[in-house]
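Participant: Following this message is one structure expressed as structure tokens.
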Amino acid sequence: MTIQSESMTIQAVNMIIQAVNMIIQAGNMIIQAENMIIQSESMTIQAENMIIQAGNMINQAGKMIIQAQNMIIQAQNMIIQSENMTIQAKNMIIHAENMTIHAENMMTQAIKATLQAENMTIQGGNVTLQAENVILQAKGVIPQAENVTYS
């Protein structure tokens, strides 16, 4: 039972290490998601600037109207892309939070497994003590039996 409990303790420690690694991965995903949000905001600003430039070009020359309209379409596509990136980043944050919760649950399970292993170790110790008591009782019975035989 002691080997089994030690094995369970090692498994529990490994589960804790895995859970910590998952928390680190979740933290890295949150950082990536935040960077994506910053990039998407920068793209939105760039797209808005392109729309302003397109409007100025329409005022400057009629020949450039077609080019300016194409820039507006590109800018709108960039806004859509940046909004999609924001949605993806938010989904990554939610996923990272779920991973954190899962990792915390794994840590809780690992702690429970550790406690069970410790309880098994204590039970094993109790069984050993009981066995030693039986041996001591048996040693006390043998001399009494010899006394009965010789008397």
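Derivation of every value follows stated rules applied to the coordinates shown; laboratory data play no part. Computed from a predicted model, the values in this text were never measured in an experiment. Here the Cβ is made from the backbone with ideal geometry for all residues, glycine too, and neighbour counts use every protein chain on show.
Participant: Can you run phi through the Karplus equation (6.51, -1.76, 1.60; θ = phi - 60°) for region 33-43 and list ³J(HN,Hα) in whole Hz, with x for Gly and Pro?
Facilitator: 5, 5, 5, 5, 5, 4, 4, 5, 5, 5, 5
Participant: How far apart, in nm, are two points set 7 Å out from the Cα along the Cα-to-Cβ line at Ile3 and at Asn119?
Facilitator: Roughly 2.4 nm, to one decimal.
Participant: What distance in nm lies between label points placed 7 Å from Cα along the C-beta direction at Glu97 and Gln76?
Facilitator: Result for the modelled spin labels: 3.3 nm.
Participant: Determine Rg/Rh for the chain; Rg is computed over alpha-carbon atoms and Rh is the Kirkwood hydrodynamic estimate from the same atoms.
Facilitator: When Rh is taken as the Kirkwood radius, the ratio is 1.64.
Participant: Can you compute the modelled spin-label distance between Glu41 and Thr108, with each label point 7 Å from Cα toward Cβ, in nm?
Facilitator: Placing both labels 7 Å along Cα→Cβ, they lie 3.4 nm apart.
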